[in-house]
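Below is one structure, written out as structure tokens, with a few remarks after it.
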Amino acid sequence: MSKAWKKYLLWFAQEHTEFRYAEIESLLSLFKIEMRYDQKPQNKEPYWLVEFSSEKDAKLLASRSVSLRNCIELWGHAKSLDSLHSTLKQQCQIFAPYFHPKKSFKLEVETFGRHFTQNEKIAKLESFIYLPIQGPVRLKDPDLCLQYIEYYGIRASSPPELPYEVFFGRCVANGLRALIKKLSLKTRKFIGNTSMDPQLSLLMANQAKVSNGDFILDPFVGSGSLLVAAAEFGGYVFGTDIDYLMLHGKTKPTRIKQKKRANDESIEANMRQYGLQDKYVDVLINDFSMKFWKDSVQFDAIITDPPYGIRETTERVGTQKHDCVISEKHLATHIPAKIEYGIPNIYKDLLDFSAKHLKLGGRLVCWFPIFKDDYTEDCLPMHPCLKLLANCEQPLSKVTSRRLLTYAKMRHPSVDEVDDAEQSRIHDFRDKYFVVREETRKERRMKNAAVNKKNWEKYVKSKSSLEI
């Protein structure tokens, strides 16, 4: 029996647009959902036209997506409102089963790229009066929610007089946008300078295909934002970090008005705050550059944001001294010295570790900093056992950005391929960052000096003319 495919409109939030495709494709793979693209997705446009063979699949996808605002079963799509009305009037009988005298309804009007007054929206709403709707109006939690959307393009400063596209349909499901607010850093118990934004954390967990019962690791855990996101999706989470003070909640407070940290601030406290303590395994102080795990340990996913050496140091345990030996007398109170752990070494170790300790098909999702002018895919870290599935950019400044890389483990490494990530292709982001930042500071000082000089000359000239 052939499947009855229906058209749907996926309506996205207009932020982090670069990450949509990677997130949706990951969720389709996770849930084994079949979805057809009615037209090629465009990152900048807030909608996709797709087809599902089952409404259940559409709802399942929406239930995990944080990029998606809602999913609409498409009843009509045209270039103008008049054309849309013409189409809907011809198909009214098809939609009749949804209109029942005892079923409440709501009709929403939305515009993208152009603002309309409430009266203008009401006028558009009343133009659908021909629909055979029989039930009572209920604005909150109705049985049937209908949506009319006008799309005016993404140039809000100069929108066209008429919309490019208009859509009408039945709202099937909302995305998981409410979870972003729930996990807001503003209300979180324990955060640090580099705590990951909740939306990006959830996107990373989705791209890692985290599901119930998965064992998840963050080897550069920091304040544990990625653990919170992974635990929300059912993963059992574990973290390691070399920063003793961070893991014990002893670092300087991040919030401006906070003078000192509370005694109970910790990653575990965050888990309790969100009711996720049953998903929290532990966090340990660990130098990632050193062997720690047994060879047999396997993770379902590794999700992490390695340090770039900008707002947090890139360090590992070591010393510049030759033949350094700690006497037994001082061993109990010895604090190991630390040396530079460069970005090329960090990513080499991370890919080697992932190739060894991920299960087959497991995913590594990590951030990688770059300079836009220098970027090519050849500079990305690679490993013969890992396949790069997604590469999404988040701009940080005019000259820098970071890319969210998603790898899948395709096979176990052979004896010859252990410790075989390519280090030579990886640029050390910090080497250029501090040079560029210093140049920017100099340019700013020179610009300010030039402006001040010009203003001073104007002042002297005006004063001289007054004296004359």
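Couple of notes before you dig in:
- In region 234-249, the count of residues that are open to solvent by 10 Å² or more (accessible area, probe 1.4 Å), farther than 30 Å from ASP82 by Cα and within 16 Å of the chain's Cα centre (by Cα) is zero.
- Here ARG272 clears all of (1) open to solvent by 70 Å² or more (accessible area, probe 1.4 Å); (2) closer than 25 Å to ALA205 by Cβ; (3) at pLDDT below 95 except the condition numbered (3).
- Helices (runs of 4 or more DSSP H) contained in region 1-94 and holding at least 3 residues open to solvent by less than 10 Å² (accessible area, probe 1.4 Å): 20-31, 55-62
- If you go through region 155-209 and pick out every residue that is part of a loop (DSSP other than H, G, I, E, B) and touching a residue at least 60 places away in the same chain (Cβ under 8 Å), you end up with 17.
- Given (1) open to solvent by 60 Å² or more (accessible area, probe 1.4 Å); (2) of a type in the set (Ser, Thr, Tyr); (3) at pLDDT 95 or above, number of the condition TYR148 does not satisfy: (1)
- Identity of the residue in region 369-386, free of Cβ contacts under 8 Å to residues at least 40 places away in the same chain and surrounded by 14 or more Cβ atoms within 10 Å (Cβ to Cβ), that ends up nearest to ASP428 (Cα to Cα): TYR375
- Some residue of region 112-129 being part of a strand (DSSP E or B) and within 35 Å of the chain's Cα centre (by Cα): yes
- When we screen PRO219, PRO163 for residues that are more than 29 Å from PHE299 (Cβ to Cβ) and open to solvent by less than 40 Å² (accessible area, probe 1.4 Å), the only hit is PRO163.
- Inter-residue pairs, beta-carbon under 9 Å, first over 18 Å from SER127 (Cα atoms) and in region 88-105, second among the basic types (Lys, Arg) and outside any loop (DSSP other than H, G, I, E, B), 6+ apart: TYR98/ARG170
The values are calculated or read from the model by the stated rules, or taken from the named source; none is laboratory data. In this text the structure is predicted, and so the values were computed from the model without any measurement. FYI the Cβ positions are ideal-geometry reconstructions off the backbone, even for glycines, and counts take in every protein chain you see. What goes into the accessible areas is simple: the full protein's heavy atoms, side chains included, and nothing from ligands, DNA or RNA. Shrake-Rupley method; radii C 1.70, N 1.55, O 1.52, S 1.80 Å.
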